[in-house]
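Structure first, commentary second.
The numbers here are math on the coordinates, done by the rules we state, and not lab data. It should be emphasised that the depicted structure is a prediction, and the values quoted were computed from it without experimental measurement. No Cβ is skipped: glycine too gets one built from the backbone with ideal geometry, and neighbour counts run over all protein chains shown.
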Amino acid sequence: MVLSTMAEGAFRGLDTFGSSVSARFFEPTLRLGVTGLARAGKTVFITSLVANLLNRGRMLQLEAARQGRIDIAYLQPQPDDTVPRFAYEDHLAALTGPTPHWPDSTRAVSELRLSLTLRPAGLLSGLQGPRRLHLDIVDYPGEWLLDLALLDKSYSQWSAEVLARLPARQMGADVLQLLTTLDPQSPHDEPQAQKLAAEFTGYLQAARSAGFYDCSPGRFLLPGALEGSPVLTFGPLPAPDRPARRSLWREMERRYEAYKSKVVQPFFRDHFTKIDRQVVLVDALSAIHSGPQAVEDLRQAMGDVLSAFRPGRNGFLTSLLRGKRVEKILFAATKADHLHHQQHPQMSAIIEALTAEARDRAQFAGAETAALALASLRATTEEMRPHEGADLPCVRGRLLKTGRQAAFYPGALPEDPAQLLVPARQGAQSWLEGDYQAMQFAPAAFSLKPGDGPPHIRLDRAAEFLIGDQL
Ligand SMILES: Nc1nc2c(ncn2[C@@H]2O[C@H](COP(=O)(O)OP(=O)(O)OP(=O)(O)O)[C@@H](O)[C@H]2O)c(=O)[nH]1
Ligand SMILES: [Mg+2]
């Protein structure tokens with residue numbers, strides 16, 4: 001196992017050979033990608049996972065931790081000098097400080113290296129000394145994966161698809177209105193291009209807030225340092241029969257192609273292809289709360305996100321990967337502390353059903369997959385509350401908005417996930433069985449015993465699936 005990882009590490013290291021070459025050779029590295037759509041819970045997941053690997057008192061489902069085989073865990077400088085470091089200390093201070101609060105939104109890729117010194121298990125334990133494993137954790141927005149589909153589309157194909165969606169969506173009206181005043185064949189004029197890009201970005205933002213996930217190009221929503229640059233200053237236009245030289249259409253087409261080659265391809269080349277294990281976080285409860293359309297959209301987005309892991313159809317990615325594949329993918333419904341544990345089996349069934357197609361695809365590509373419901377940081381306690389003659393399984397916590405303590409019951413999740421997924425697929429406008437509530441809790445103040453990490457639900461199971469076999 002160790003040998004195969006070393007060989008793989010060496011192989012993959014070829015294009016990144018540098019000062020770390022000897023380290024890579026003798027000390028295996030495992031790259032764990034953590035992704036999910038905006039607000040899915042990536043930052044909190046990584047922060048709590050690292051804190052719980054540093055202090056393993058609450059990691060009993062992680063076999064190596066339970067057996068006491070992880071001698072030491074410590075943070076080290078990461079291998080990639082140009083990738084922002086995951087601000088672990090800041091995020092942990094936010095979550096566990098005297099006035100706990102959720103960390104700020106993070107809108108770019110970041111990385112953290114956690115190194116583990118491990119004692120060998122079983123027969124070898126007396127013969128071998130300890131070994132080291134570097135766990136490189138990479139946080140990146142799931143929206144960036146959705147951009148993969150753009151690589152296979154020309155500007156006119158992409159425009160046609162986007163424009164076809166607009167009439168059915170109320171937030172598309174302004175873009176359609178603007179398009180009636182633009183002539184794609186007219187000479188390119190920068191203020192016009194900026195106007196088109198601004199309207200189109202506004203539309204993407206509104207669509208995203210309404211729960212639609214088909215909102216690529218992803219960087220229009222998360223521009224970071226690219227804000228205002230030409231690669232983000234374009235929008236869809238109907239294709240003329242013969243686009244004129246120097247026309248608005250030609251310039252938009254050129255920028256769309258630049259987005260593909262200067263933004264999308266480098267992300268896949270520099271980050272995505274190096275990932276060994278992947279966790280995809282999903283805020284399923286929020287989608288259920290938003291209604292059937294949001295659930296159906298989420299299901300489709302999961303399928304699209306996962307098509308990156310089965311790149312057969314995408315020549316660019318296939319050639320980059322050269323046969324390498326992600327070995328394990330975990331789909332995790334986050335924020336399970338919004339539910340009493342009585343409802344966790346239903347939540348797990350929902351996340352399994354929601355990602356079934358995506359998981360089939362990944363399995364087809366040779367990756368091992370699993371789905372579970374977890375809370376990276378438990379912010380609630382459980383209680384039963386009498387209601388109309390029955391006991392309702394509730395959770396109690398401090399409300400984010402008011403700071404007051406409150407008990408919360410989100411509604412009865414169905415035993416059979418089809419009761420949600422089928423109406424969602426059939427385009428239902430609302431749930432038949434009434435509504436599902438969503439609630440935001442503030443992180444709870446807690447004091448930690450020495451050796452314990454922050455409280456969580458099933459984070460240790462997630463870790464066992466993702467890295468347990470390498471420990
Ligand atoms: N109750 C509870 N809420 C959580 C948990 N994890 C995340 N949240 C909530 O979800 C929000 C988003 O979590 P983040 O970890 O910042 O999500 P993200 O995916 O990094 O978000 P972006 O960086 O904006 O893409 C937090 O501000 C919390 O309100 C959890 O384990 N329990
Ligand atoms: Mg984040």
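By the count of neighbouring beta-carbon atoms within 10 Å, fewest first, Lys153, Lys260, Lys335 end up ordered Lys153, Lys260, Lys335. Adding -39500 (n - 2.57) for every DSSP H run of four residues or longer, then dividing by how many residues the chain holds, sets the calculated 222 nm ellipticity at -10500 deg cm²/dmol.
Each peptide among 165-176, 243-254, 34-45 gets the average number of other Cβ atoms lying within 10 Å of its residues, and from highest to lowest they stand as 34-45, 243-254, 165-176. Here the stretch 245-315 and the stretch 97-175 have alpha carbon centers that stand 11 Å from each other. Could you let me know the centre-to-centre spacing of the stretch 176-213 and the stretch 355-434, using Cα atoms, in angstrom? First find each Cα centre; the distance between them is then 36 Å.
Here is the link list: Lys153/Lys324; Lys274/Lys328; Lys262/Lys328. Which ones come out longer than 19 Å on Cα distance?
Working: Lys153/Lys324 24 Å; Lys274/Lys328 13 Å; Lys262/Lys328 29 Å.
Table pairs above 19 Å Cα-Cα are Lys153/Lys324; Lys262/Lys328.
Listed by chain and number, the lysines whose alpha-carbon sits under 26 Å from that of Lys335, ignoring those within fewer than 8 places in the same chain, are Lys42, Lys401, Lys449.
Provide the gained length on full extension for the span Gln300 to Lys324, in nm with one decimal, where the gain is 0.36 nm per separating residue minus the Cα-Cα distance.
That pair, Gln300 and Lys324, stretches by 6.1 nm at full extension.
Fewest neighbouring Cβ atoms within 10 Å first, the residues Tyr88, Tyr203, Tyr74 line up as Tyr74, Tyr88, Tyr203.
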